[in-house]
Amino acid sequence: MWLRLPVKYIMHTSEYTFSKKKVSCYYDADFSLLAGLVQDKNIVILTDEHVYEHHAKRFAAWPVIKIAAGEAHKNQATVDHIVQELIKRGANKNTCLIGVGGGVVTDITGYVAAVYMRGIPFGLVPTSILAMADAAIGGKNGIDVGLYKNMLGTILQPDLILYDYSFLQTLPVREWVNGFAEIIKHACIKDALLFSVLERYSLHDFQTDQTLIAELIEKNAAIKSGVVTADEFEKGDRKLLNFGHTIGHAIENLHELPHGHAVSIGMVAACNLSEKINGLHFNEASRIVKLLAKYHLPVDIETNHEKVFEVLKMDKKRREDGIDFILLDTIGKAGIVRISLDELEKHFKEIL
Ligand SMILES: NC(=O)c1ccc[n+]([C@@H]2O[C@H](COP(=O)([O-])OP(=O)(O)OC[C@H]3O[C@@H](n4cnc5c(N)ncnc54)[C@H](O)[C@@H]3O)[C@@H](O)[C@H]2O)c1
Ligand SMILES: [Zn+2]
């Protein structure tokens, strides 16, 4: 196998220490262990209709609040519905809200738990690749307001995160692909070995080998946890996680792309830009393009460059006349580089 011998995986725990909380991560756990892990609290499950449809039996022991699936429902109306349901069930500080689902469910769970009665305990059981490798970790939560993504939110760490990889058996293939964009991102910014592991295997290998996917998710959770424990409130290194997201977000909205697709194209643009900026000696864009394509992610797009540039100028990472970009020195090592709008405009048609 990859980093270890192919022994049968058994549940093991890692603790990540944040400013206000220790988060316990239970890797390769079975969902049925939840009751034992949350002994002194009343569990309420929050999930979406797709996850419920496939896994309802697993929730039979607890009250379940079900929400409509998808980003379009990550909003205040859904929060209002959840709050009404919590009140109906008499939920209070002795309740532990457990979000079981993709990033939409984990983001809403954290947000509701942060504001309901000024804060109740909560835990996350991520069920998509994206939520396992990224969204469930780091404490950022929130909802969208109209077209503005994550406009309302807090940073609050969950009490626990439980990883049960058997949920992935029902995840549609397009969601696997989506999640791998963030995994490739982690490799690009932090881990050259992970990058070469991804080159060696294929999406099909990860979909069909439980040990391989377990190691991959755990590795990615460790990378993200490492970055966010070192910089919980995004003063420095946590910004590296935005690799591919500046141009990615601009085209995501304009072209209504799935997030992973937009980030993939955004990473290619950031790699091309890394090659063009004086002082960086990056020359591995083509290797990254090849890996993204191998995982069925798009690497370019027909777009209106003027329109994308307009959106970029509005980006919240823009300062005075420049934008902070995450660029690569080498695969596995990223940095923050301020690029003036003039210089960006000069290269723009060649990088995207
Ligand atoms: N908080 C953070 O740090 C952070 C980081 C990255 C992304 N996010 C957020 O995460 C969200 C995207 O997450 P996502 O891609 O998981 O989206 P999602 O929650 O919409 O899930 C994608 C689809 O997969 C379905 N699904 C999930 N697990 C399933 C399973 N096991 N079986 C069958 N269907 C399943 C969902 O119902 C949905 O239809 C965005 O809202 C984004 O803003 C947050
Ligand atoms: Zn992302």
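Structure values in brief
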{"item": "With DNA, RNA and ligands ignored, accessible area of residue 144 (1.4 Å probe; Å², nearest 10)", "result": "20 Å²"}
{"item": "Rounded percent of accessible protein surface that carbon and sulfur make up, segment 209-256, 1.4 Å probe", "result": "47 percent"}
{"item": "Most to least accessible of 183, 336 (protein chains only, probe 1.4 Å)", "result": "336, 183"}
{"item": "Value of relative contact order over segment 177-289, rounded to a whole percent, pairs C-alpha under 8 Å and six or more apart", "result": "25 percent"}
{"item": "Of 147, 34, 130, the one that fluctuates the most in a GNM where the chain has Cα springs shorter than 10 Å", "result": "147"}
{"item": "Neighbour cut-off at most 15 other Cβ (10 Å), DSSP loop, trypsin sites (Lys or Arg not before Pro), segment 27-72", "result": "none"}
{"item": "1.4 Å probe accessible area per residue over the chain, in Å²", "result": "45 Å²"}
{"item": "Selected from 35, 285, 270 as most flexible by GNM, with the chain as the system and alpha-carbon contacts under 10 Å", "result": "35"}
{"item": "Potential lengthening between residue 231 and residue 193 on full extension [0.36 nm per residue; Cα-Cα distance subtracted]", "result": "11.4 nm"}
{"item": "Rotationally averaged projected area of segment 197-278 (alpha carbon convex hull; nm²)", "result": "7.4 nm²"}
{"item": "Carbon/sulfur fraction of accessible area - segment 101-174, other protein chains in place, 1.4 Å, %", "result": "60 percent"}
{"item": "Square roots of 5 times each gyration tensor eigenvalue, C-alpha, segment 107-178, largest first, Å", "result": "23, 16, 9"}
{"item": "Label point distance in nm, residue 60-residue 346, each placed 7 Å from Cα along Cα→Cβ", "result": "6.7 nm"}
{"item": "Of every Cα-Cα pair in segment 42-190, the percent that sits beyond 20 Å", "result": "44 percent"}
{"item": "DSSP H segments from the chain that extend 20 Å or more along their own axis, Cα-based, with Kyte-Doolittle mean of -1.0 or above", "result": "173-190, 210-230, 259-276"}
{"item": "Bins of 5 Å, starting at 0 and running to the largest distance - Cα pair percent for segment 299-351", "result": "4, 17, 25, 25, 19, 9, 1"}
{"item": "Rg/Rh (Cα only; Kirkwood hydrodynamic radius) as it applies to the chain", "result": "0.97"}
{"item": "Residue among 283, 141, 272 with the largest mean-square fluctuation in a Gaussian network model of the chain, springs linking Cα atoms under 10 Å", "result": "283"}
{"item": "Kirkwood hydrodynamic radius (C-alpha pairs) into Stokes-Einstein, segment 1-118, 20 °C and 1.002 mPa s, D in µm²/s", "result": "135 µm²/s"}
{"item": "Ellipsoid equivalent to segment 200-352 - semi-axes via the Cα gyration tensor, in Å", "result": "26, 19, 15"}
{"item": "Added length on full extension, which subtracts the Cα-Cα distance from 0.36 nm per residue, residue 307 to residue 14", "result": "101.0 nm"}
{"item": "Reachable lysines, given that their alpha-carbon falls under 27 Å from the alpha-carbon of residue 57 and they are not under 8 places away in the same chain", "result": "8, 41, 66, 74, 88, 93"}
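The values are calculated or read from the model by the stated rules, or taken from the named source; none is laboratory data. Predicted, not measured: the structure shown is a model, and the values here were computed from it. When we count neighbours, we look across all protein chains shown, and the Cβ atoms used for this are built from the backbone with ideal geometry, even at glycine. Ligands, DNA and RNA are excluded from the accessible area calculation, which covers all protein heavy atoms including side chains. Shrake-Rupley method; radii C 1.70, N 1.55, O 1.52, S 1.80 Å.
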